[in-house]
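Asks: Can you keep this structure in mind? I'll have questions shortly.
The values are calculated or read from the model by the stated rules, or taken from the named source; none is laboratory data. Since the model is a prediction, treat every value here as computed from it, not as a measurement. Cβ placement follows ideal geometry from the backbone for every residue including glycine, while neighbour counts extend to all protein chains displayed.
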């Protein structure tokens with residue numbers, strides 16, 4: 001069967017490419033849950049002083065858990081996101097230490 | 001030996017003995033590079049090894065357009081030279097310089113040139129030479145003046161970025177789509193008094209609010225200002241001049257150290 005006016009056997013590239021693009025986008029999103037977790041964990045650095053001690057400790061734990069995933073990424077991504085994650089993690093720990101010393 | 005000779009010798013010996021202590025107590029007068037070279041960073045972690053000229057990065061070119069936070073938190077540039085691991089591969093992957101310099105983003109109606117190609121340079125020259133070349137001091141000076149002529153400056157021609165933003169002459173971009181995390185504005189606006197040992201210069205009141213306009217907490221804490229056992233950090237102007245503590249920024253892009261009274265309430269000569 002073919003569309004009217006279309007040569008028999010000719011592939012309809014438009015829908016094929018659209019479906020392929022959607023599948024590819026889905027694959028990328030599914031392959032990057034670490035990025036969603038990174039964004040969630042590091043989104044609270046500006047609020048760090050307002051967070052409770054249990055909240056800060058929970059964020060440090062999440063950072064540590066995410067570190068292992070990031071260490072497994074390609075070199076370029078790892079370099080950037082490991083540094084960014086360390087910045088978040090160290091800040092949360094800094095606030096905890098600051099409180100502990102009665103700051 | 002006469003009494004006068006003995007006294008002279010005693011004074012001379014005392015002067016030698018006290019010289020180190022006197023030197024330690026001397027004010028540290030910082031030096032600053034000329035404005036067009038102020039904050040210049042030479043990036044050569046891999047360039048020379050790969051037959052390329054080192055990349056030359058001028059803070060002032062980028063400071064007019066982007067906030068400190070965007071580059072040093074969201075893009076992930078370290079505060080220490082060489083610590084970021086910038087490479088052709090990371091630039092070509094849309095990271096580091098490539099986060100903006102991807103050949104696609106537009107800025108002020110112009111497409112931002114791509115930092116590096118995935119395959120590397122086939123031959124020296126454009127576009128690699130946009131970064132991997134020192135255009136010479138005259139060119140840097142001319143380009144700096146083209147910018148600074150329309151912005152408020154301090155003595156010496158250093159751009160007063162704070163006043164420039166107050167007057168809406170610069171509007172640093174603070175969010176890069178696909179890179180930045182949307183964060184709420186910082187709620188901490190506590191001023192921190194910095195006690196100055198010595199009577200020749202006034203104390204400092206550090207404003208978190210002022211510094212948070214362009215920065216994020218993790219730019220400074222804990223890497224530059226850690227928590228100490230005493231609960232407060234002790235540092236000297238020699239540390240600052242060496243690029244530590246306040247010197248991490250005020251030796252490069254923020255106003256230079258030679259402008260003592262921007263921080264110290266009373267200047268070194270009681271002014």
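Asks: Just to be sure I understand, how many residues within segment B:88-104 are under 20 Å from residue B:51 (Cα atoms) and more than 9 Å from chain A (Cβ to nearest Cβ)?
Replies: 2
Asks: Can you tell me which residue within segment B:186-207, out of those that are without any contact (Cβ under 8 Å) to a residue 24 or more places away in the chain and touching a helix residue (DSSP H, G or I) at 6+ places or on another chain (Cβ under 9 Å), is farthest from the other protein chains (Cβ to nearest Cβ)?
Replies: B:191
Asks: Sticking with this one: Can you tell me how many residues within segment B:69-93 are in a loop (DSSP other than H, G, I, E, B) and buried (at least 19 other Cβ atoms within 10 Å of the Cβ)? Steps first, please.
Replies: Residues of segment B:69-93 in a loop (DSSP other than H, G, I, E, B): B:75-87, B:93.
Filter once more, keeping what is buried (at least 19 other Cβ atoms within 10 Å of the Cβ): B:75-77, B:84-87, B:93.
So the answer is 8.
Asks: Which of the following residues is under 30 Å from residue A:37 (Cβ atoms), away from every other protein chain (no Cβ under 14 Å) and touching a helix residue (DSSP H, G or I) at 6+ places or on another chain (Cβ under 9 Å): B:172, B:226?
Replies: Going through B:172, B:226 in turn, the sole match is B:172.
Asks: While we're looking at this one, here's another question. Criterion first (surrounded by 17 or more Cβ atoms within 10 Å (Cβ to Cβ) and either outside any strand (DSSP E or B) or free of Cβ contacts under 8 Å to residues at least 40 places away in the same chain (or both)) does residue B:233 satisfy it? Even if it seems obvious, please write down each step before you answer.
Replies: Numbers: surrounded by 17 or more Cβ atoms within 10 Å (Cβ to Cβ): no; either outside any strand (DSSP E or B) or free of Cβ contacts under 8 Å to residues at least 40 places away in the same chain (or both): yes.
No; evaluated as a whole, the condition is false for this residue.
Asks: Out of everything in segment A:63-76 that is surrounded by fewer than 18 Cβ atoms within 10 Å (Cβ to Cβ) and assigned to a helix (DSSP H, G or I), what residue ends up being nearest to the other protein chains (Cβ to nearest Cβ)? Spell out the reasoning first.
Replies: Filtering segment A:63-76 for residues surrounded by fewer than 18 Cβ atoms within 10 Å (Cβ to Cβ) gives A:64-65, A:67-69, A:71-75.
Within this subset, residues satisfying the condition of being assigned to a helix (DSSP H, G or I) are A:64-65, A:67-69, A:71, A:75.
Details: A:64: 16, A:65: 18, A:67: 15, A:68: 19, A:69: 17, A:71: 14, A:75: 7 Å.
Ranking the candidates gives A:75 first.
Asks: Residue check: is residue B:150 at negative phi, in a loop (DSSP other than H, G, I, E, B) and surrounded by 15 or more Cβ atoms within 10 Å (Cβ to Cβ)?
Replies: no
Asks: Further question on the same structure: Taking the conditions exactly as written (within 13 Å of chain A (Cβ to nearest Cβ), outside any helix (DSSP H, G or I) and within 21 Å of residue B:71 (Cα to Cα)), does residue B:218 satisfy them or not? Quick ask: steps written out before the conclusion?
Replies: Values: within 13 Å of chain A (Cβ to nearest Cβ): yes; outside any helix (DSSP H, G or I): no; within 21 Å of residue B:71 (Cα to Cα): yes.
No, not satisfied.
Asks: Which numbered condition in (1) more than 22 Å from residue A:101 (Cα to Cα); (2) within 22 Å of the chain's Cα centre (by Cα); (3) surrounded by 12 or more Cβ atoms within 10 Å (Cβ to Cβ) is the only one that residue B:171 fails?
Replies: For residue B:171, the exception is condition (3).
Asks: What residue, among those in segment B:252-263 that are closer than 21 Å to residue B:192 by Cα and modelled with pLDDT under 90, is surrounded by the fewest Cβ atoms within 10 Å (Cβ to Cβ)? Lay out the reasoning, then the answer.
Replies: First, the residues of segment B:252-263 that are closer than 21 Å to residue B:192 by Cα: B:254-257, B:259-263.
Next, from what is left, pick out any that are modelled with pLDDT under 90: B:254-257, B:259-262.
Working: B:254: 24, B:255: 18, B:256: 20, B:257: 20, B:259: 19, B:260: 18, B:261: 12, B:262: 15.
So, considering only residues that are closer than 21 Å to residue B:192 by Cα and modelled with pLDDT under 90, the one surrounded by the fewest Cβ atoms within 10 Å (Cβ to Cβ) is B:261.
Asks: Within segment B:61-87, work out how many residues are away from chain A (no Cβ under 13 Å) and within 19 Å of residue B:47 (Cβ to Cβ).
Replies: 3
Asks: Could you please let me know if residue A:55 is more than 7 Å from every other protein chain (Cβ to nearest Cβ) and under 21 Å from the mean Cα position of the chain (by Cα)? Walk me through how you get there before you give the answer.
Replies: Numbers: more than 7 Å from every other protein chain (Cβ to nearest Cβ): yes; under 21 Å from the mean Cα position of the chain (by Cα): yes.
Against the criterion (more than 7 Å from every other protein chain (Cβ to nearest Cβ) and under 21 Å from the mean Cα position of the chain (by Cα)), residue A:55 qualifies.
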